[in-house]
Amino acid sequence: MSARAALAALLLIAAASSRADAAPAWTWTLPAGFPPPLVPADNPMNAAKVNLGALLFFDGRLSLTGAYSCASCHRPSAAFTDGRARARGALGDLHARNAPTLVNAAYGASLGWLDSGLTTLEAQHRVPLFNESPVELGFGRVARERLAELRTDPAIRALVPAAFDGSSPDRFDVDQIVAALASYVRTLIFAGSPFDRYVYWGEPSLSADALAGFALFASPRTGCADCHGGFALAGPVVSERVPSAAPIFHDGVRAPTLRNVAVTAPYMHDGNVATLDDVLAFYSKVGRGRPLDLSADETRELRAFLESLTDRRFADQAR
């Protein structure tokens, strides 16, 4: 049985055990220090919708070829990246940019690499579905046929009414696909790294080098935290507590999260930096505005700190 088939079977059982027109209310289970994400009023969270989004995230029928899915570029085993310098679409088209992680994307003040004005996961999900230059999933070309297929899928039919307030699965549409995918991605919140255990749980989980690197990272000497601050280590975030924030861009490119950075190579928006050592060498010699001139000890300490940001879920993927 494929992973998708197993997931569908489990969701069918869950759907059968509850009323189809009354999805369980969504309850956030969040890491220490993380506020509830901001949820659009027109796309409220519920368990059925999240489960539907999880199913669709791995469904190749959202692509032109039928063999490509959201998970093709955002593999859970790779902290929801793809390990490539630049993403490839369903037709093999090479994209201009690296596939960013989806971990903690719920808090993004802006989504995507460029200042494109995309500030919600709902708006962002329409891009890979319908983008033609280059083609990403290519769903727009086959939407009519694929919607007809999806409407007959037993697992989808079981979830749609509860996900969308009694909506008929025979009327399952693109807006509902987008809403479900966004709801699922909104739940991809992880903070179980050694850094988190040190900061939020009071555990002695950081090495001496990592502690020194943390101090260096947060210092005016490097200014790293100016762009990669806050609990998401991605600069300004949005949440229920702070519903709006201005993202940080350098030369039109957004500052990404540094969480799980040790397992999401290659780096930069175009994937042109291969390793974490290369990243540190770049900032030491070139930097953003000024070189940091890191010593060998400082480089080692910063690396230890960055490695401490890997969530335990992804720790065995370190490369």
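Of note:
- Both the radius of gyration and Dmax for the chain are 20.4, 63 Å, in that order, over alpha-carbon atoms.
- J(HN,Hα) series, region 243-259, from Karplus relation 6.51 cos²θ - 1.76 cosθ + 1.60, nearest Hz, glycine and proline x: x, 8, 7, 8, x, 9, 10, 10, 6, x, 10, 6, 6, x, 5, 9, 5
- Spatial offset of region 21-83 relative to region 243-319 amounts to 26 Å, using the alpha carbon center of each.
- In order through region 193-203: 3J(HN,Hα) via Karplus (6.51 cos²θ - 1.76 cosθ + 1.60), integer Hz, x for Gly, Pro: 8, x, 4, 5, 5, 6, 6, 9, 10, x, 8
- FRET efficiency estimate (nearest 0.05) - Cβ-Cβ, ASP115 to ALA41, R0 25 angstrom: 0.50
- Here's how it looks for VAL237: its modeled amide H is under 5 Å from none belonging to a residue 5 or more places away or on a different chain.
- Placing +1 on the Cβ of every Lys and Arg and -1 on the Cβ of every Asp and Glu, with no other charges, gives region 194-317 a dipole of roughly 260 debye about its Cα centre.
- Theoretical gain in end-to-end length, GLU132 to ASP278 [0.36 nm per residue, Cα-Cα removed]: 49.3 nm
- Here the ratio of the Cα radius of gyration of region 155-263 to 2.2 N^0.38 Å is 1.51.
- Cα→Cβ-extended label distance, 7 Å offset, between TRP26 and ARG221, nm: 4.3
No lab work stands behind these numbers, since they all come straight from the coordinates. What you see is a predicted model; the values in this text were computed from it and never measured. Neighbour counts are summed over all protein chains in view; Cβ atoms, including those assigned to glycine, are modelled from backbone coordinates with ideal geometry.
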